[in-house]
Amino acid sequence: MTMKLRKAVFPAAGLGTRFLPATKAQPKEMLPVVDKPIIQYGVEEAMASGCDQIIIITGRGKQAIEDHFDVSYELEKMLEERHKLDLLKIVRSISDMIYLAYVRQKEALGLGHAVLMARELVGNEPFAVLLADDVIDSRVPALKQMVEVFNQKQCSVIAAQVVEGKMISSYGVLDAQPAQGYGGRLFEIRNMVEKPKPEEAPSNLAVIGRYILTPTVFECLAKTPAGAGGELQLTDGMRMLLKQEKMYAYVYEGRRYDTGDKLGFLKATVEFALKRDDLGGPFREYLKGLKL
Ligand code: UTP
């Protein structure tokens with residue numbers, strides 16, 4: 001029987017320390033790029049890629065995420081009474097979006113641990129993991145590009161990006177060999193290492209926050225011992241998965257912004273604003289006037 005992707009998991013229980021103090025009392029997933037919280041970009045991407053069930057892993061202080069995707073009765077009533085119908089449509093479209101479920105990760109024990117929290121809700125089927133921080137601007141949604149590979153290969157597919165130079169040591173890095181087809185964008189993974197020294201990196205292929213995984217990864221994560229700081233790493237679980245199943249990396253077409261990092265967030269804000277029909281013109285004029 002062919003496997004079909006329906007479920008998407010958003011680990012959102014991290015502490016967001018790179019974005020303090022903004023993230024002291026609000027989730028980083030709710031920081032807006034222009035006027036949309038970063039997690040909404042990811043949820044829209046998952047929906048556009050065929051997922052109809054979204055599972056968000058939350059923790060303490062993350063209530064705003066649930067409220068964002070819920071009905072806001074008072075706000076809707078007020079907008080209706082004041083005949084602000086355009087705004088009402090925007091607000092309703094978010095709560096009407098999709099089936100969402102939430103699971104609490106009681107302690108931030110790592111990305112692998114966060115993914116394992118989704119085991120009961122995902123069950124025995126493939127699922128996507130999207131790290132909302134990685135906002136990807138692309139013609140075809142990045143996850144959708146990966147779904148095409150998954151539908152054909154029927155095994156785990158993770159997103160990769162070419163990263164040149166020393167920056168590679170900030171990522172999970174792949175040891176992989178080119179696979180047939182897909183215009184040279186597909187690689188069969190042999191191994192992966194988390195944040196290697198630049199001279200020890202097995203390639204320039206970095207792992208990015210989009211994964212399509214088979215449910216076998218849950219068994220692997222459950223058996224994986226916690227690493228440094230008591231954290232369970234997704235990379236360690238995937239390395240165990242590699243011993244049992246084939247895994248592919250796909251170098252997606254698109255531009256990624258690391259919005260969990262202040263500079264990445266600023267870049268995304270500027271570029272997304274410039275692309276907007278309602279803001280692009282005046283914003284471009286404003287930027288041109290800055291004496292840089
Ligand atoms: P990050 O490495 O970006 O960590 O986590 P973070 O805590 O969110 O942010 P910084 O680095 O301190 O600024 C990658 C993803 O994994 C989730 C995060 O929410 C983020 O989406 N995560 C991480 C969890 O859900 N639980 C964890 O225990 C750790």
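Consider A114 carefully, then state whether it is open to solvent by less than 40 Å² (accessible area, probe 1.4 Å), in a strand (DSSP E or B) and modelled with pLDDT of 95 or more.
no
State which residue is nearest to V149 (Cα to Cα) when the search covers only the stretch 21-46 and only residues that are within 8 Å of the ligand (Cβ to nearest atom) and open to solvent by 10 Å² or more (accessible area, probe 1.4 Å).
Step by step, filter the stretch 21-46, then rank; the result is K28.
Which residue is farthest from the ligand (Cβ to nearest atom), if the candidates are limited to the stretch 47-66 and must be among the small types (G, A, S) and more than 15 Å from L130 (Cβ to Cβ)?
Here the answer is A64.
Would you confirm whether or not the stretch 83-95 contains a residue that is more than 17 Å from F218 (Cβ to Cβ), away from the ligand (no atom under 16 Å from the Cβ), open to solvent by 30 Å² or more (accessible area, probe 1.4 Å) and touching a residue at least 12 places away in the same chain (Cβ under 8 Å)?
yes
Filter the stretch 193-224 for residues that are under 24 Å from S49 (Cα atoms) and assigned to a helix (DSSP H, G or I) and give the result.
If the condition is that a residue be under 24 Å from S49 (Cα atoms) and assigned to a helix (DSSP H, G or I), then T216, V217, F218 are the ones that fit.
Name the residue, out of E148, E194, E120, that is modelled with pLDDT under 95 and open to solvent by 70 Å² or more (accessible area, probe 1.4 Å).
Result: E194 is the single residue among E148, E194, E120 that is modelled with pLDDT under 95 and open to solvent by 70 Å² or more (accessible area, probe 1.4 Å).
Can you go through K195, K267 and tell me which one is closer than 23 Å to L131 by Cβ, touching a strand residue (DSSP E or B) at 6+ places or on another chain (Cβ under 9 Å), within 16 Å of the ligand (Cβ to nearest atom) and among the charged types (D, E, K, R)?
K195
Criterion first (of a type in the set (F, W, Y), under 29 Å from G280 (Cβ atoms), open to solvent by less than 70 Å² (accessible area, probe 1.4 Å) and within 14 Å of the ligand (Cβ to nearest atom)) does F69 satisfy it?
Against the criterion (of a type in the set (F, W, Y), under 29 Å from G280 (Cβ atoms), open to solvent by less than 70 Å² (accessible area, probe 1.4 Å) and within 14 Å of the ligand (Cβ to nearest atom)), F69 does not qualify.
Is there a residue being open to solvent by 50 Å² or more (accessible area, probe 1.4 Å), assigned to a helix (DSSP H, G or I) and more than 30 Å from E200 (Cβ to Cβ) anywhere in the stretch 155-175?
no
Just give me the residues in the stretch 1-20 being under 30 Å from K153 (Cβ atoms), over 17 Å from the mean Cα position of the chain (by Cα) and either within 14 Å of the ligand (Cβ to nearest atom) or polar (S, T, N, Q) (or both), in sequence order.
T2
Among the helices (runs of 4 or more DSSP H) lying completely within the stretch 225-292, list those that include at least 1 residues that are closer than 18 Å to S138 by Cβ.
Passing ranges, in order: 262-275.
The values are calculated or read from the model by the stated rules, or taken from the named source; none is laboratory data. This is a predicted model, so every value here is computed, not measured. Here Cβ is always computed from backbone atoms with ideal geometry, including for glycine, and neighbour counts include all displayed protein chains. Please note that ligands, DNA and RNA were not included when accessible areas were found on the heavy atoms of the full protein model with its side chains. Shrake-Rupley method; radii C 1.70, N 1.55, O 1.52, S 1.80 Å.
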